[in-house]
């Protein structure tokens with residue numbers, strides 16, 4: 001029976017589906033034609049809007065043929081439960097939408113240039129923070145569910161189509177302002193999906209109950225019945241969603257938290273996390289063996305912390321009035337005390353009033369100064385006007401330098417600022433006029449001369465992977481350079497004082513997982529493909545520490561003494577933490593009783609190792625006693 | 001409750017308009033029940049409620065002594081339903097509709113469906129939207145009969161059909177079905193077409209059954225009485241069972257049900273100069289009761 005209903009729904013929607021295929025082919029043809037450059041932006045925008053509209057169109061036609069031919073009398077008089085009929089129809093139409101999603105992914109993935117544009121689209125501030133996955137797929141799914149759920153209420157498909165888009169958009173805005181009201185925050189992907197699921201479920205439940213109880217022939221009664229139910233369920237969803245997200249218990253079976261950036265400082269570990277409805281910086285204090293909150297606020301988009309001596313510098317989003325969401329620079333002591341903003345972006349009297357802050361900030365090695373960028377695009381000059389701001393962490397001594405970059409430079413991220421010099425190193429993504437990524441440039445800025453030069457023409461800059469790391473002594477930078485003429489990836493150590501560089505490893509494909517400096521800045525360990533290697537500056541030697549049977553992203557870190565290494569190595573189906581001594585001989589091998597998430601989430605401390613497990617817990621392992629303790 | 005279908009105190013309103021009010025009915029297994037009512041009396045509403053297409057406001061429906069609710073579906077496997085209008089997906093070819101419909105019925109008889117297709121000269125590739133009204137009725141019959149129902153509900157199926165088609169439908173198909181023991185509820189406003197088919201007759205008026213009788217008994221005991229007398233008998237003709245009465249001078253015309261010897265004696269006591277007793281046909285019975 002389901003197959004027959006599935007086939008029927010596909011037959012009825014063959015036009016919409018064919019249209020989707022034709023449009024996708026048209027986009028491919030455009031992309032391959034001479035018109036490509038001219039139409040790429042249009043194609044990207046079209047793709048972005050296409051899915052929600054296709055979803056609303058398919059959903060709103062859910063019961064169109066039943067209305068059109070009075071076939072609702074036919075189908076209701078067949079021996080099939082109404083709720084089953086509803087679910088079969090929903091699944092059938094959803095399958096059409098999913099195939100269109102698949103087409104969309106294929107086109108997006110294989111059309112040169114489109115993928116870059118789509119990932120580059122600057123969503124309106126109301127939607128900032130939602131991953132593109134949600135925008136592309138979750139929103140269309142919600143719109144589809146809403147439109148299908150109301151499609152049997154009225155026989156005019158175009159009315160249902162528009163009403164579902166209005167309801168979907170309206171709920172998104174209500175949700176956005178509600179979040180701001182409750183948590184003084186904006187969208188988060190997790191919250192968005194959770195609330196999205198609740199909204200969809202509210203409509204599904206209200207729709208099924210109306211479908212099995214209300215009189216299909218009486219429109220007014222039917223709509224009233226449905227409206228009462230949907231309002232009730234939406235209110236319930238709001239309460240459940242709020243409580244669930246606040247407790248962090250939604251869909252995780254416990255308090256899930258996910259560290260998206262970490263930094264080891266002295267003998268402590270700092271984590272930028274999202275958990276229980278808020279973003280925060282937490283610190284594992286090695287001495288007390290406890291986790292404390294250091295900072296709470298919207299820090300997601302700034303992503304990187306800068307920690308130096310006893311200070312942390314970071315960006316936090318605030319929303320005050322007309323300016324909308326803006327980043328402010330905040331300084332906080334490493335124990336969480338003395339938090340203050342230095343920029344007051346929303347204050348008309350501030351020299352930073354209404355400026356757009358870019359990327360991340362950096363503290364000087366002594367923790368007394370901070371540097372960051374603001375910028376805007378010059379419309380007439382076609383230049384990217386970047387201002388480099390330097391100031392003391394107490395807010396005094398503001399100094400600014402201006403630099404002009406080409407208009408096609410984007411995504412400015414500060415990498416290193418050895419404050420003894422007037423040099424700043426940053427990465428910039430260079431794009432083609434059609435917004436296709438050309439390369440990640442590593443740039444050296446001379447702040448005195450207000451000039452810049454390209455140090456490396458293409459580097460790997462995914463900060464979360466930790467494959468571009470400054471040594472704790474601020475003397476060296478480890479990076480992966482894509483040497484295009486030789487078609488190789490090279491691991492380079494850049495001396496930040498002399499700017500001399502040395503290639504310590506090269507391969508056609510580096511397949512590097514991460515790199516980590518020892519505390520004294522003399523050794524760097526990196527893991528690639530199936531091996532872990534250590535390079536020592538003093539003797540300029542590269543040593544292989546361990547090998548694995550298969551390519552596997554593993555965790556590793558130096559212990560606090562800077563001599564011993566902790567590495568997770570899989571052995572058959574089990575994971576082991578192995579400790580290597582100064583001579584890289586195995587000292588200990590401890591079985592890990594939990595699944596490990598990511599390589600970067602292992603931190604070596606003073607005779608202890610901190611690890612992140614199972615998407616919700618931080619465990620500390622005492623290397624002396626080999627005992628585990630859950631610390632968060 | 002010994003009927004295959006029993007309805008108790010069923011009520012349904014649309015807005016402020018009450019279509020059915022405390023409607024009750026009992027149909028016995030193997031019988032053909034004719035439900036007569038003028039247009040707009042609620043016959044279609046009643047049938048849609050039996051078929052679970054719309055929910056009743058109040059009342060109960062029992063099928064084979066089991067109470068059915070709006071959400072129930074299993075009983076529908078045993079009921080065939082032919083609607084007044086076309087209710088099929090118009091874009092579907094006949095073959096696809098039959099295949100789609102077959103998926104709902106475990107006892108679907110493909111051989112029977114093909115036989116009827118041939119008998120009715122329907123091309124399986126033809127889309128439903130291109131079928132005439134008569135052809136759609138035939139398709140409705142195939143859809144219904146191939147599911148081998150125990151109980152068949154016909155909702156004014158022949159209205160608007162040409163005479164030969166109607167004849168085929170009534171005389172051949174329905175007779176064949178009733179002879180095979182299928183219980184039939186035949187709802188119509190075209191009175192004469194069910195004469196000779198039905199076992200029981202119900203007349204729906206103002207939302208309730210005003211008549212619910214064995215048709216053969218009804219025919220034998222519902223009489224038109226034509227009286228002539230020397231003086232007007234209008235005021236003197238008073239007894240139970242007078243359905244209609246017309247008096248014109250010294251002539252009176254009565255429809256009496258049930259007609260009994262006692263009533264005959266009562267009239268004879270009034271000494272009419274002549275008394276003519278005529279049986280009524282179904283149309284006359286309906287008009288008498290409906291008016």
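Residues that are farther than 19 Å from residue A:73 by Cα, more than 14 Å from every other protein chain (Cβ to nearest Cβ) and outside any helix (DSSP H, G or I): does region B:135-158 have at least one? Scanning region B:135-158 turns up no residue that is farther than 19 Å from residue A:73 by Cα, more than 14 Å from every other protein chain (Cβ to nearest Cβ) and outside any helix (DSSP H, G or I).
Restricted to region B:104-132, and to residues there that are within 14 Å of chain A (Cβ to nearest Cβ) and touching a helix residue (DSSP H, G or I) at 6+ places or on another chain (Cβ under 9 Å), the residue that is farthest from residue A:8 (Cα to Cα) is B:107. Taken over region A:577-590, residues that are in a strand (DSSP E or B) and surrounded by fewer than 16 Cβ atoms within 10 Å (Cβ to Cβ) amount to 4.
Where strands (runs of 3 or more DSSP E) fall entirely within region A:449-525, those with at least 3 residues that are surrounded by fewer than 21 Cβ atoms within 10 Å (Cβ to Cβ) are at A:451-456, A:488-495, A:501-507. Going through (1) over 10 Å from residue B:32 (Cα atoms); (2) surrounded by fewer than 19 Cβ atoms within 10 Å (Cβ to Cβ) one by one, residue B:202 falls short only on (2).
Yes or no: region A:193-216 includes at least one residue that is modelled with pLDDT under 70 and either farther than 24 Å from residue A:155 by Cβ or within 14 Å of chain B (Cβ to nearest Cβ) (or both). Checking region A:193-216: at least one residue is modelled with pLDDT under 70 and either farther than 24 Å from residue A:155 by Cβ or within 14 Å of chain B (Cβ to nearest Cβ) (or both).
Inspect all residues belonging to region A:535-555 and state whether any of them is under 29 Å from the mean Cα position of the chain (by Cα), in a loop (DSSP other than H, G, I, E, B) and closer than 20 Å to residue A:427 by Cβ. No, the conditions are met nowhere in region A:535-555.
Of the helices (runs of 4 or more DSSP H) lying entirely inside region A:50-125, the ones with 1 or more residues being more than 14 Å from every other protein chain (Cβ to nearest Cβ) and either at pLDDT below 85 or surrounded by 19 or more Cβ atoms within 10 Å (Cβ to Cβ) (or both) are found at A:82-110, A:114-120. For region A:225-244, the count of residues that are modelled with pLDDT of 75 or more and closer than 30 Å to residue A:332 by Cβ is nonzero.
Apart from one condition, residue A:593 fits all of (1) modelled with pLDDT under 85; (2) within 23 Å of residue A:480 (Cβ to Cβ); (3) surrounded by fewer than 17 Cβ atoms within 10 Å (Cβ to Cβ); the exception is (2). Where helices (runs of 4 or more DSSP H) fall wholly inside region B:212-291, the ranges with 3 or more residues that are free of Cβ contacts under 8 Å to residues at least 12 places away in the same chain are B:261-268. Does residue A:349 satisfy the condition of being surrounded by fewer than 21 Cβ atoms within 10 Å (Cβ to Cβ) and assigned to a strand (DSSP E or B)? No, not satisfied. Annotation note: Cβ proximity below 6 Å between a residue of region B:110-130 that is closer than 22 Å to residue A:70 by Cα and a residue that is assigned to a loop (DSSP other than H, G, I, E, B) (sequence gap 6+ or interchain) occurs for B:128/B:88; B:128/B:90; B:128/B:92; B:129/B:90. Of the residues contained in region A:569-578, one or more are found to be at pLDDT 85 or above and at negative phi.
The values are calculated or read from the model by the stated rules, or taken from the named source; none is laboratory data. Keep in mind it's a predicted model, so treat the numbers as computed, not measured. For neighbour counting, all protein chains shown are included, and Cβ atoms are generated from backbone atoms with ideal geometry for every residue, glycine included.
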